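Take a look at this one; I'll ask things after.
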Amino acid sequence: MYLKASEDARKKIMKLVGDDSDILLDFDDGVGALSKAGTCSLDSSFRLLIVNNQNDSEAYDEIIESDLGPVRVKGYSKTYMDENMQLLINERFNTLSLHGDNSGLLTGTVKLENFAKN
């Protein structure tokens, strides 16, 4: 599995990533301390979270490779992803979106949240 970010998306994301940061591609389903969704939510969406690499959330138990570096994910969330995915930027709104090679648009607006201490 691989996650590719467009050049503009990569620039936007890497502004928040430090040497002591991890990137999480969060399937926001109510599991884990960082999730905001309710457990019975019917909305399936992904968020990109920047956290301190000391964050020991057990929910993010697998790593996918990307041109941003390793990205931690909830292992079971990979069932919603394609083998090749892309993070693209909507230039008009300066927002990120997640696309799969086979499934197309997975999340129209991927929230980018910084939980890392600067």
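In segment 83-108, which residues are open to solvent by less than 90 Å² (accessible area, probe 1.4 Å) and either touching a residue at least 24 places away in the same chain (Cβ under 8 Å) or touching a Lys or Arg at 6+ places or on another chain (Cβ under 7 Å) (or both)? Steps first, answer last, please.
In the first step, residues of segment 83-108 are kept if they are open to solvent by less than 90 Å² (accessible area, probe 1.4 Å); the result is 84-90, 94-100, 103-104, 106-108.
Once the filter is applied, which keeps residues that are open to solvent by less than 90 Å² (accessible area, probe 1.4 Å) and either touching a residue at least 24 places away in the same chain (Cβ under 8 Å) or touching a Lys or Arg at 6+ places or on another chain (Cβ under 7 Å) (or both), segment 83-108 yields ASN84, MET85, GLN86, LEU87, LEU88, ILE89, ASN94, LEU96, LEU98, LEU106, THR107.
Looking at (1) at pLDDT 95 or above; (2) touching a helix residue (DSSP H, G or I) at 6+ places or on another chain (Cβ under 6 Å), which one does ARG10 not meet, given that it meets all the others?
(2)
The values are calculated or read from the model by the stated rules, or taken from the named source; none is laboratory data. The structure displayed is predicted, hence computed values, not measured ones. Don't worry about glycine lacking a Cβ; one is built from the backbone with ideal geometry, like all the others, and counts go over all protein chains shown. These accessible areas exclude ligands, DNA and RNA; they are computed on the full protein's heavy atoms, side chains included. Shrake-Rupley method; radii C 1.70, N 1.55, O 1.52, S 1.80 Å.
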